[in-house]
Structures are given as C-alpha cells and as structure tokens.
1. Got a number for residues in the range 132-148 being more than 18 Å from Arg62 (Cα to Cα) and in contact with a helix residue (DSSP H, G or I) (Cβ under 9 Å, 6 or more places away or on another chain)?
2. Looking at the structure I just gave you, is Leu259 at negative phi and modelled with pLDDT of 95 or more?
3. Which residues, counting only those in the range 44-60, are under 22 Å from His180 (Cβ atoms), surrounded by 24 or more Cβ atoms within 10 Å (Cβ to Cβ) and polar (S, T, N, Q)?
4. Return only the number of the condition from (1) in contact (Cβ under 8 Å) with a residue 12 or more places away in the chain; (2) farther than 16 Å from Val228 by Cβ that Val183 does not satisfy.
5. Testing Gln175 on (1) in contact with a Lys or Arg (Cβ under 6 Å, 6 or more places away or on another chain); (2) without any contact (Cβ under 8 Å) to a residue 40 or more places away in the chain; (3) under 20 Å from Ile73 (Cβ atoms); (4) among the polar types (S, T, N, Q), one condition comes back false. Which one is that?
6. Checking Ser196 against (1) closer than 23 Å to Leu139 by Cβ; (2) surrounded by fewer than 19 Cβ atoms within 10 Å (Cβ to Cβ), which single condition isn't satisfied?
7. Which of the residues spanning the range 194-217 are among the small types (Gly, Ala, Ser) and closer than 25 Å to Ala163 by Cα?
Amino acid sequence: MSPNTMGLSPLGLGCSRIGSFNNPQSLGESRALIEAALDMGVTTLDTANIYGQGDSEKQIGRAVSGRRDKAFIVTKAGRGFSTKMRVLAPLKPLIKPALAARKRRSGPPESNAVSSRREDALRMDWSPHSLARSLDGSLARLGTDHVDGFLLHSPPAGIARDAGVAQALAELKAQGKVRHFGVSCDDRECFEAAMSMPGITLVQLPWTIVAGLRDQEVLHLAERGIAVMAREIVRMQPALKPLDAVRSAISHPAVGCTLVGTTSRKHLEALAELTVRQPETEGAAP
C-alpha cells in the first residue's frame with residue numbers, strides 16, 4: 001500500500017506543542033492553525049496522548065469536527081504523565097502566563113527547561129491493557145471512533161519486537177479503532193526491531209535515520225507497504241534553510257509524509273507550497 005493510497009498527505013502538521021506549557025498560543029489560535037492546515041491540504045495531523053496533557057488531541061478533535069474524513073490522524077501511546085503532572089494540568093491557564101513572562105525575561109533556555117521537566121515526569125507502560133486504555137482516552141478526546149495511525153511512542157527496541165505488544169496492536173485494528181499501526185522510533189535499533197513487527201504499516205523516524213536508509217531498506221519498506229513519516233527535518237539539517245530541509249525530505253524516496261512542527265500559519269503556507277510544486281520540479285528538465 002502506497003502512502004497516497006493509505007491517505008497520508010505529503011506534508012503533515014506535528015501537534016506536539018499544541019496546549020503545551022511552553023507554547024504562548026491560545027488553544028483557539030492552535031485550533032485555527034489546524035483548520036487552516038486542512039484547508040491547505042496538510043491533512044496528516046500527528047499527536048500523542050501526552051501532548052499538551054491531552055489538549056492537543058482535544059483541539060484536533062474540535063478542528064476536524066464535521067470533516068473527520070478529510071484528516072489522517074496519528075496518535076501515540078505507551079507514555080503517560082506522573083500524578084504531579086496530572087494535578088498541574090488543570091492549572092495551565094494560570095501557569096502558562098507566568099511561564100511566558102519568565103521566558104520573555106530569560107529567553108529560550110526556559111522553554112528547554114520546561115521540556116526537560118516534562119521528560120522527567122513521564123512514565124512508561126507498554127502492557128496491552130494500558131495501550132487499549134490509552135487509545136480509548138485518545139478517541140474520547142479526539143471525538144472519533146477510530147484513528148488512522150496508532151504508534152508506540154518511542155519504545156525500547158525490546159518492546160518494538162515484543163510479540164505480545166504486536167498482537168495487542170493487531171487486536172485494536174481488528175476492533176476497528178485503528179486503521180494502521182506501527183512505531184515511532186528514536187534510534188536505529190528501535191527501527192530495526194520495528195521492522196520485525198507483523199502487520200506494521202507505519203513508522204515514524206527522525207531525519208538522521210531516514211537519511212541513512214540503504215537502498216535495499218527503502219525497497220523493503222515499499223514492498224511491505226510500510227509508510228515512513230519523517231520528523232525533526234529542520235533541526236537535523238542545520239546547514240539548510242528550513243524550506244530546503246523540508247524539500248529534501250519530501251523528495252526522499254522512502255518518505256510518505258514529512259512532519260513540520262510550526263505554529264506559524266505563514267510558515268505552514270510556504271511549506272505547503274512545496275507539496276504543490278514538488279511533482280512539477282521532479283518532472284522538469286534539468
């Protein structure tokens with residue numbers, strides 16, 4: 001199955017910052033960005049149960065209301081927040097302005113500190129019961145009865161190759177709650193383990209792994225009908241301008257969807273133009 005047949009758009013919107021403590025945008029502004037993305041043809045929306053303490057999924061759900069069939073929604077599971085973070089989540093309307101004011105005084109490092117604290121507060125649970133419960137929570141927040149993609153969220157390689165975990169994902173698909181399942185990988189070891197998973201049709205990979213894929217691996221992915229979502233495109237190509245970094249990812253033969261995490265509508269419009277021009281560029285005479 002090709003990415004186009006699957007329903008992935010060439011460019012996808014990464015929604016990890018929506019609703020997060022260190023995102024100065026209001027939820028309404030974030031929702032407007034998602035709605036604009038859909039209008040631009042950027043219909044792949046990548047989120048997770050932990051993004052924005054659930055607010056990312058909620059805003060996606062509201063944005064796609066009435067046109068759910070136009071969106072390809074990917075969410076993730078396996079990670080969750082500690083009790084402390086769950087207690088803090090309802091206080092976001094009070095905490096975010098204070099963080100924004102501190103960031104204006106101290107600059108970008110504060111944002112990194114917030115992200116680091118979030119990582120420290122995460123817990124992991126890859127049990128079939130936990131994955132099923134996480135998916136049900138995501139579906140409720142998204143306001144839908146299924147997701148188009150359901151991924152293990154940065155698991156250890158041993159989890160990616162665990163037969164019981166693969167069976168749990170297959171059962172969720174059989175129940176009609178998931179169209180495609182797979183793994184969001186952080187490293188090469190996890191990717192290689194994910195390729196042993198029966199029934200996998202979707203992997204999410206950082207650009208460094210995508211760029212290092214061998215020709216036979218690209219062919220193997222295509223033969224098995226496994227679509228690749230590429231992420232961290234700009235950060236991992238620091239020598240390139242953002243537009244050129246995204247252009248290089250879109251043109252990679254293994255990539256079915258290139259994720260961008262911008263919160264700017266103007267930037268998203270410029271990036272979306274690449275997916276319109278790309279076929280013409282590839283077919284043009286040198």
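1. Counting residues in the range 132-148 that are more than 18 Å from Arg62 (Cα to Cα) and in contact with a helix residue (DSSP H, G or I) (Cβ under 9 Å, 6 or more places away or on another chain) gives 1.
2. Criteria met by Leu259.
3. Once the filter is applied, which keeps residues that are under 22 Å from His180 (Cβ atoms), surrounded by 24 or more Cβ atoms within 10 Å (Cβ to Cβ) and polar (S, T, N, Q), the range 44-60 yields Thr44, Thr47, Ser56.
4. (2)
5. All conditions pass for Gln175, except number (1).
6. (1)
7. Selection gives Ala194, Ser196, Gly199.
Each row is one residue, and each column tells you yes or no for (1) without any contact (Cβ under 8 Å) to a residue 60 or more places away in the chain; (2) in contact with an Asp or Glu (Cβ under 8 Å, 6 or more places away or on another chain); (3) closer than 18 Å to Leu213 by Cβ.
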position: Ala230; (1), (2), (3): yes, no, yes
position: Ile233; (1), (2), (3): yes, no, yes
position: Pro238; (1), (2), (3): yes, no, no
position: Lys241; (1), (2), (3): yes, no, no
position: Ala245; (1), (2), (3): yes, no, yes
position: His252; (1), (2), (3): yes, no, yes
position: Leu259; (1), (2), (3): no, yes, yes
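The values are calculated or read from the model by the stated rules, or taken from the named source; none is laboratory data. Because the structure is predicted, anything quoted here is derived from the model rather than measured. Don't worry about glycine lacking a Cβ; one is built from the backbone with ideal geometry, like all the others, and counts go over all protein chains shown.
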